[in-house]
Amino acid sequence: MNPKLRKFIEFCKDFSSNKVALVAFFIFLLILFVAIFAPLVSPTDPYDLNTVSIMNSRLPPFSEDFSGNYFLLGTDGAGRDMVSAIFYGLRVSLGVGVLSGIFALIIGSFFGISAAFFGGRYESLIMRIVDIQLSFPSILVALIILAAFGKGVEKTIIALILVQWAYYARTARSSALVEINKEYVDAARCLAFGNTRIMFKHILPNCMAPLIVVGTLQTAHAISLEATLSFLGLGLPITEPSLGLLIGNGFEYMYSGDFWISIFPGVALLITVASINLVGDHLRDMFNPRLH
Amino acid sequence: MLWFLLLKNSKMTAFICTRFAQSILVLFIMSLLVFGGVNLVGDPVEMLINPEADQAEVERVIRELGLDRPVTEQYWYFLVNAFKGDLGSSFIFGEPALKLIIQRMPATLELALFSLFISLIIAIPLGIYAGYNPDSKASKVIMAGSILGFSMPTFWVGIIFIMIFAVQLGWLPSTGRGEIGTFMGINSSLFTLNGLSHVFLPALNLALFKISSVIRLTRAGTREIILQDYITFARSKGISEKRVVLIHVLKNILIPIVTVVGLEFGSLIAFSTVTETVFAWPGMGKLIIDSIYNLDRPVIVAYLMIIVTFFVFLNLIVDIIYTFLDPRVRIKGDHQ
């Protein structure tokens, strides 16, 4: 059998040993599926003005309108079906969270590995910046950026990248420091490979395990932070209705007892974040019990 | 011996000086960032001048604010004025931004302190229980709850609190600060019943993520302490288990927990922005969010500069305290 395939099967078996994490993983896959195919799986298009009727606004869960449309989770203030709004919202939330996570991973591991590789003043400078940034709570860093530069999709993503890159840089550096002293790096040096090639083709692949663990937990954090910022009106604009914005929209109807408009998007957010966290927790235990 | 102490102290002094210089540098970079954000991205005239002003007024203010001068000169004036404590006046309230923020500071501090108190009161007993009986069902429920507490978005939990306790049950008020009482010269809403009823829900909401982390800390600490020799010794003397836990374990666990939680007090202030917005609590956090809505730029700039200064010096103090408490911190180049 192909050794890579065997390794993968072993990994799957190992992962399945924790039933909670396995269930969380399948829930996350389902959420991912719903988010990617939101236009196909949603009962209605919540942002198509032809199908949304203001007559249906604030219908409670399990209700039906006059033309026989069924609203499992009710409708919001503009008459949109909550199920569809949540599916589309998951798409935005996951999209922003994953995208910012990938960029932060790339930037953070670049600085982390190069810091470990070159050492000296360069390393001290990078790690000092990382330390200083990590001494500020993440919400404060995002708040400073968004308050000074205004809201928007790109700005929210930039803020989330800036919040996260330091965690990746620290993780990448500490695992690269271990790898650098191994023989294969010496061998690569003897072959006179370029620094870039050694750093990113030889060292980086061996640092991936801890980076993936940090990546899962950080993505959950980013999704939650984006929701918070959008709820506060600092994050995404109204044209990109993420789960945070949906919860914020429902907040004004809270006092009249229309709980479903902000509760259900929140439940979706909670399930998403918790499932990613549970998978991340288990991956952490599997890869490196000493991490954190 | 004396020589060694001197060397140690001079190292310590050098360390403190470096950290202080770094703090000043961070403040300087932050002022560049905030100034750049307000003045270079977007139109400063539109942002800094009241939109209701007429043409003559606009030109007068442009000259007064020095917006017709080079950017470097403008930045210099911004710094000089900031040092004098002049961070501009609010468009909405017409009062100095600094004064507005200082007025709202007690409400935020009161909320943060009370939620710190709540989190310790709830989390320490639960954490000790979970550490003392790690295999019991209740401990597993407590630990699962703490993972859930990490995953739950604070603002959404706040909304649920309002729905359950204010809207459905009608037990507690959900918005604003209550009556303010005076005790020993301090004005606070914690000294009146009405005030306490107002502060309870927001403080509990703000305490949630702290509760989760303190439970984990306490549990880990308890599990470690319970294996120590002095606990075995206390038990062998025939001291009751109740006394062992309440006196010996609690006493030893309290010091590290109070240190960590106290040092993390800043994060409560940062997160109070969210809680204050949900519960319409009239603190600094709500002021900044309102100012962002209203494009009240002087207040935004002032708030950001104040909060950054606060954090930079808080971190400086934490660093210095840590060097006194833990000599390992002083080892150069240790970033682990």
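The values are calculated or read from the model by the stated rules, or taken from the named source; none is laboratory data. Being a predicted model, the structure only gives us computed values, none of them experimental. Positions of Cβ are backbone-derived with ideal geometry, glycine not excepted, and every protein chain shown enters the neighbour counts. The accessibility values were calculated without ligands, DNA or RNA, using every heavy atom of the protein model including side chains. Shrake-Rupley method; radii C 1.70, N 1.55, O 1.52, S 1.80 Å.
Work out the length of the dipole vector of the protein assembly as shown about its Cα centre, built from +1 on the beta-carbon of each Lys and Arg and -1 on the beta-carbon of each Asp and Glu, and round it to the nearest 20 debye.
On the way: 46 positive and 44 negative charges, 608 e Å.
Value, rounded to 20: 2920 debye.
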- Task: Give me the orientation-averaged projected area of the Cα convex hull of chain A, in nm², one decimal.
- Result: 19.3
- Could you list which residues have their amide H under 5 Å from that of B:S89, counting only those 5 or more apart in sequence or on another chain, with H placed in the peptide plane? B:A97
- Taking chain A as a Gaussian network, where each spring joins two C-alpha atoms under 10 Å apart, which residue of A:S17, A:S109, A:S42 fluctuates the most? A:S17
- Message: For chain B, take N as its residue count and report Rg(C-alpha) divided by 2.2 N^0.38 Å.
- Response: 1.24
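Find me the longest stretch of chain B that has none of the exposed GluC sites (Glu not before Pro), where exposed means in a DSSP loop (not H, G, I, E or B) with at most 13 other Cβ atoms within 10 Å. Don't skip to the end; give the middle numbers.
Working: sites that count: B:E52, B:E179.
Segment B:180-336 is the longest.
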- Item | Listed pairs B:K210/B:K242; A:K7/A:K201; A:K19/B:K137; A:K155/B:K99 exceeding 23 Å between Cα atoms | B:K210/B:K242; A:K155/B:K99
- Select from B:V141, A:A227, B:P298 the residue farthest towards the positive end of the dipole of the protein assembly as shown; place +1 on Cβ of Lys and Arg, -1 on Cβ of Asp and Glu, and compute about the Cα centre. B:V141
- Task: Please identify the longest segment of chain A free of exposed chymotrypsin sites (Phe, Trp or Tyr not before Pro), where exposed means a DSSP state other than H, G, I, E or B and no more than 13 other Cβ atoms within 10 Å.
- Result: A:67-292
- Please sort through the DSSP H helices of chain B and keep those with an alpha-carbon extent of at least 27 Å along the long axis and a Kyte-Doolittle average not below -0.5. B:2-39, B:97-132, B:193-225, B:297-325
- Item | Overall Cα dimensions of the protein assembly as shown, principal axis frame, Å, largest first | 71, 68, 64
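Take the solvent-accessible surface of the protein heavy atoms, probe 1.4 Å, and return the percent of it on the stretch A:125-202 that carbon and sulfur atoms account for. Mind dumping the intermediate values first?
Details: 2060 of 3330 Å².
Carbon with sulfur: 62 percent of the solvent-accessible area.
Compute the accessible area per residue over the protein assembly as shown, keeping the other protein chains in place, probe 1.4 Å, unit Å².
50
If you wrap a convex hull around the Cα atoms of the stretch B:140-247, how much volume per residue is inside, in Å³?
Values: hull volume 18.3 nm³, N = 108.
In the stretch B:140-247, the Cα hull volume divided by residue count equals 170 Å³.
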- Centre separation in Å (Cα based) which lies between the stretch A:233-254 and the stretch A:77-140: 21
- Note on the structure: Over all viewing directions the Cα convex hull of the stretch B:124-180 casts an average projected area in nm² of 5.8
- Please name whichever of A:A85, A:C12, A:T44 sits farthest to the positive end of the charge dipole of chain A, dipole taken about the Cα centre and charges placed at Cβ: Lys and Arg +1, Asp and Glu -1. A:C12
- Note on the structure: Scalar couplings 3J(HN,Hα) for the stretch A:162-172 by Karplus 6.51 cos²θ - 1.76 cosθ + 1.60 (θ = phi - 60°), nearest whole Hz, x for Gly and Pro, are 5, 5, 8, 4, 4, 5, 5, 4, 5, 5, 4
- Considering Cα pairs under 8 angstrom that are at least six residues apart, work out the relative contact order of chain A and quote it in whole percent. 23
- Calculate the length of the line joining the C-alpha centroid of the stretch A:270-289 to that of the stretch B:63-125, in whole Å. 39
- What does the helix-only formula give at 222 nm for chain B: each DSSP H stretch with n ≥ 4 adding -39500 (n - 2.57), the total divided by the residues, and the result rounded to the nearest 500 deg cm²/dmol? -23500 deg cm²/dmol
- Could you work out the mean count of beta carbons from other protein chains within 10 Å of each residue's beta carbon in B:220-230? 0
- Query: Residues of the stretch B:146-180 losing 50 Å² or more of accessible area relative to the isolated chain, 1.4 Å probe, heavy atoms only?
  - Reply: B:S151, B:P153, B:F155, B:W156, B:I159, B:M163, B:V167
- Within 10 Å of the Cβ of an average residue in A:260-267, the count of other chain Cβ atoms is 2
- Hey, got the average number of other protein chain Cβ atoms within 10 angstrom for residues in A:128-141? 5
- Given the stretch A:215-269 reduced to its alpha-carbon atoms as identical point scatterers, what log10 I(q)/I(0) does the Debye formula return at q = 0.12, 0.19, 0.22, 0.27 Å⁻¹? -0.27, -0.62, -0.78, -1.02
- Note on the structure: Note to self: C-alpha centroids of the stretch A:1-40 and the stretch A:187-214 sit apart, in Å, by 27
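Quick check for me: using +1 on Lys/Arg Cβ and -1 on Asp/Glu Cβ, what's the dipole size of the stretch A:89-157 about its Cα centre, in debye to the nearest 20? All intermediate terms of the calculation are to be shown ahead of the outcome.
On the way: 5 positive and 3 negative charges, 32 e Å.
Charge dipole of the stretch A:89-157: 160 debye, to the nearest 20.
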- Assuming a viscosity of 1.306 mPa s and a temperature of 10 °C, what translational diffusion coefficient in µm² per second does Stokes-Einstein assign to the stretch B:55-197, Rh being the Kirkwood radius over Cα pairs? 78
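Compute for chains B and A the buried accessible surface, both sides summed, probe 1.4 Å, and express it in Å² to the nearest 100.
Numbers: alone 19780 and 15610 Å², together 31510 Å².
In total, chains B and A hide about 3900 Å² from solvent.
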- How large is Rg over Rh for the stretch B:216-336, taking Rg from the Cα atoms and Rh as the Kirkwood inverse mean of 1/r across Cα pairs? 1.18
- Query: Going toward the positive end of the dipole of the stretch B:116-259, with +1 on Lys and Arg Cβ and -1 on Asp and Glu Cβ, which of B:I162, B:L116, B:H248 do you reach last?
  - Reply: B:H248
- Item | Percentage of interatomic Cα-Cα distances in the stretch A:124-248 larger than 23 Å | 45
